[in-house]
1. Which value in nm describes the separation of the simple spin-label points at ALA140 and ARG190, placed 7 Å from the Cα toward the beta carbon?
2. So if we plug the beta-carbon distance of ASP317 and LEU216 into 1/(1 + (r/R0)^6) with R0 = 41 Å, what FRET efficiency do we get, rounded to 0.05?
3. I need to check one value: relative contact order of the chain, counting alpha carbon pairs closer than 8 Å and at least 6 residues apart, in percent.
4. Output ³J(HN,Hα) for segment 244-255: one whole-Hz value per residue in order, computed from phi by the Karplus curve 6.51 cos²θ - 1.76 cosθ + 1.60 with θ = phi - 60°, and x for Gly and Pro.
5. Give a residue-ordered list of calculated ³J(HN,Hα) values for segment 76-84 (Karplus: 6.51 cos²θ - 1.76 cosθ + 1.60, θ = phi - 60°; whole Hz; x for Gly, Pro).
6. Go through segment 318-335 residue by residue and turn each phi into a ³J(HN,Hα) via Karplus (6.51, -1.76, 1.60, θ = phi - 60°); whole Hz please, and just put x for glycine and proline.
7. Using 0.36 nm per residue, how much length does the chain from THR242 to SER85 gain when fully extended, once their Cα-Cα distance is taken away?
8. Sort 212-222, 245-255 for me by packing, meaning the mean count of neighbouring Cβ atoms within 10 Å per residue, highest on top.
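Each reported figure results from applying straightforward, stated rules to the coordinates on display, with no laboratory input. The structure presented is a predicted model; accordingly, all values stated were derived computationally and were not measured. Counting neighbours? That spans all protein chains shown, and the Cβs are built from the backbone with ideal geometry, glycine included.
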Amino acid sequence: MAHSTPVRAPWWACTWPALAWVILGIRIFAGPSNVIAAAEAFILIATVFSAVYHAEVVAHRVGEPFGTLVLAIAVTVIEVALIVSMMITGGPEKASLARDTVFAAVILVCNGIVGICLLAGGVRHREQGFQLQGANAALAVLIALTTLSLVLPNFTTSAPGPAFSASQLIFAGAVSLVLYGSFLFVQTVRHRNFFLPDEGAGEETLAPPPSNLASLVSLSLLLVALVAVVALAKALTPTLETVIGVLGAPKSVVGIVIAALVLLPEGLAAFRAARANRLQTSMNLALGSALASIGLTIPAVAAVSILLHKPLILGLDGKEEVLLALTLLISVVTLGTGRTTMLQGIVHIVILAAFLFLAIVP
């Protein structure tokens, strides 16, 4: 990655993940409290910075696009585990949790992460470029995944409400895996060059790659940090639900906050890459995480719903469908030339602001 990777990791990169597990242990024995919740929130943010550091070490060692793929898939797998565990332990009120979280992840990635990266990179470097073929491939798969999984349930008739029947869930899960698996094959094997930085793009000079030992240590600590982040997010969820209930905000806000917490490592890594004039890395992280979020979550929650007979609502409301359509349309337009300025970033951020405002004030 762009910054120099030292042989020995800084103290905080190892300390914060360890403290995260310490505070989780204290919570088990002492029980929840306001003081523990505050400590969990602080250590969660600090652990995110540790995860980003170790992700950059691993990414620098394995190179693009594998480096960004490691972080995207690792975060998404743990996010799926969080959603599934909440589905299993929760009741019918959790039927729409997967939909809310996946939808929030897509909007936060396509408008939040992409928008902030384009704005930050445009302010510092005026104009930036990336591989158009790679972005087009990712957007094509993303449009198909979101439409088949989050919009189509509103128009099927085999099951009542915005939900799939069992056979339709199996089909939706299989299609999601096929689409995401095909994208990974194209990204890492068949057309890997579509996702590599364009030669002569003026990117900052890379430091020498870390050693195999340093990379393995960082990979291990990355997984420890990511699991800790999601465990802390789950521990804070009851407090979050209470606060949201007191404020009178819709329950879908819970899914937004969960998605935001889980996406923090990827968002910070993408922002740092954009500031370093490595927009291709930012796009790989952002679009890759959106694809992984929906491509891996839908099959997992479909399997849980069928095997454990848990209710599952996937269809979006009309307002969310409009925001999704607007997001995908704007993404095709703003990323359709391979060159970006701060204006594209501002457009995406405004759509993000509309999404957040309307989630609180529906």
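1. 0.9
2. About 0.35, to the nearest 0.05.
3. 39
4. Once θ is set to phi - 60°, the couplings for segment 244-255 become 5, x, 5, 6, x, 7, x, 5, 5, 4, 4, x Hz.
5. Using θ = phi - 60°, the values come out as 5, 4, 6, 4, 4, 4, 5, 5, 5 Hz.
6. The phi angles translate into x, 4, 5, 4, 5, 5, 5, 4, 4, 4, 5, 5, 5, 4, 4, 6, 6, 9 Hz.
7. 54.6 nm
8. Result, highest mean first: 212-222, 245-255.
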